[in-house]
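A.B. asks: Handing you this structure, nothing more for now.
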Amino acid sequence: MKTIAVCIVSYNHEKFIAQAIESVLVQEGTANIIIYIGEDHSTDNTANICLEYAKTHKQIKLYLRTHNMCLVANTIDLFTKILQDGCEYIAILDGDDFWIDRHKLQKQLDFLETHSEYGLIHTNINLLFDNGKIIEEYRTSVPSGYVFYENPIPAIANCTVFFRSELLTNCNLQDFIKWHFMSVDYALYIILAKHTKFQFI
């Protein structure tokens, strides 16, 4: 059985984090799912909400930071733990996003398990605004395949990404911290695009 690590970084997401976690817990499929949460010393009730979920769901690995690590260090630490645990796949979900398809992970797993030349798969998104307005299927005409030489490289919605964890060995994760990157996602996906095909669904 394959193991999917769901990587959730969260800071001051008390309004959203429960829905994010719930959207993972309801996923249906054949894989073993482990939820890694890096709770970055929030000043609101996010940590307590995460603690309640961790108490009742064994598949949650909660890391409560003793100080604010900031986005990049928090993410890199979770990636490092996921690699150490030997999870074959990583799915990204920020603490203020949620999935709307119970088979999201299974669909992406099925594709990568049957297409060895692809390493990352991502999907369309809906944008939900504070006033309740929704813009559906925001991204159109996104290319698949070897996208490294696309100009520009296709925009990727971070909360939809699913990739083979072994691809992280193509970069030095600590460089993201050393060089004071503001985020991990854009730079990481450019690096991964150099080494594998991407699929958009």
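The values are calculated or read from the model by the stated rules, or taken from the named source; none is laboratory data. No experiment lies behind these values; they were computed from the predicted model shown. Positions of Cβ are generated from backbone atoms using ideal geometry, with glycine treated the same way; all protein chains shown enter the neighbour counts. Protein only, heavy atoms only, side chains kept; ligands, DNA and RNA dropped before computing areas. Shrake-Rupley method; radii C 1.70, N 1.55, O 1.52, S 1.80 Å.
A.B. asks: Sort out which residues of the stretch 13-33 are within 16 Å of Ala54 (Cβ to Cβ), touching a residue at least 40 places away in the same chain (Cβ under 8 Å) and surrounded by fewer than 17 Cβ atoms within 10 Å (Cβ to Cβ), and write them in order of number. So that I can check it myself, show each step before the final result.
C.D. replies: Kept after step one, since they are within 16 Å of Ala54 (Cβ to Cβ), are these residues of the stretch 13-33: 13-14, 17-18, 20-22, 24-25, 33.
Restricting the remaining residues to those that are touching a residue at least 40 places away in the same chain (Cβ under 8 Å) gives 13, 17, 20, 22, 24, 33.
The one that is within 16 Å of Ala54 (Cβ to Cβ), touching a residue at least 40 places away in the same chain (Cβ under 8 Å) and surrounded by fewer than 17 Cβ atoms within 10 Å (Cβ to Cβ): Glu22.
A.B. asks: Next question, about the same structure. Condition first: aliphatic (A, V, I, L, M) and assigned to a strand (DSSP E or B). Now tell me which residues in the stretch 20-72 satisfy that.
C.D. replies: First, the residues of the stretch 20-72 that are aliphatic (A, V, I, L, M): 20-21, 24-26, 31, 33-35, 37, 47, 49, 51, 54, 60, 62, 64, 69, 71-72.
Answer for the stretch 20-72, where residues must be aliphatic (A, V, I, L, M) and assigned to a strand (DSSP E or B): Ile33, Ile34, Ile35, Ile37, Ile60, Leu62, Leu64.
A.B. asks: Could you count how many residues in the stretch 66-114 are open to solvent by 30 Å² or more (accessible area, probe 1.4 Å) and in contact with a helix residue (DSSP H, G or I) (Cβ under 8 Å, 6 or more places away or on another chain)?
C.D. replies: Qualifying residue count, the stretch 66-114: 9.
A.B. asks: Checking Asp77 against (1) part of a loop (DSSP other than H, G, I, E, B); (2) farther than 15 Å from Asp185 by Cβ, which single condition isn't satisfied?
C.D. replies: (1)
A.B. asks: Consider His122 against the criteria (1) more than 27 Å from Tyr53 (Cβ to Cβ); (2) crowded, with 17+ Cβ neighbours inside 10 Å: it satisfies all of them except one. Which criterion is unmet?
C.D. replies: (1)
Here is a yes/no grid of residues against (1) within 20 Å of Gln174 (Cβ to Cβ); (2) at pLDDT 95 or above; (3) under 15 Å from the mean Cα position of the chain (by Cα):
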| site | (1), (2), (3) |
| --- | --- |
| Val24 | no, yes, yes |
| Ser42 | no, yes, no |
| His57 | no, yes, no |
| Gln84 | yes, yes, no |
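A.B. asks: Every residue in the stretch 148-168 that is at pLDDT 95 or above and open to solvent by 80 Å² or more (accessible area, probe 1.4 Å), please.
C.D. replies: Result: Glu166, single match.
A.B. asks: Just need a number here: residues in the stretch 106-129 that are over 14 Å from Gln199 (Cα atoms), out of contact with any Asp or Glu (no Cβ under 8 Å at 6 or more places or on another chain) and not aromatic (Phe, Trp, Tyr). Spell out how you get there, then give the answer.
C.D. replies: Here is the first cut: in the stretch 106-129, the ones over 14 Å from Gln199 (Cα atoms) are 106, 125-129.
Of the ones still in play, those that are also out of contact with any Asp or Glu (no Cβ under 8 Å at 6 or more places or on another chain) are 127-129.
Filter again for not aromatic (Phe, Trp, Tyr), leaving 127-128.
Going through the stretch 106-129 one residue at a time, the tally reaches 2.
A.B. asks: Applying the selection to the stretch 169-185, what residues are touching a residue at least 24 places away in the same chain (Cβ under 8 Å) and surrounded by 14 or more Cβ atoms within 10 Å (Cβ to Cβ)?
C.D. replies: If the condition is that a residue be touching a residue at least 24 places away in the same chain (Cβ under 8 Å) and surrounded by 14 or more Cβ atoms within 10 Å (Cβ to Cβ), then Leu173, Phe176, Ile177, Phe181, Val184, Asp185 are the ones that fit.
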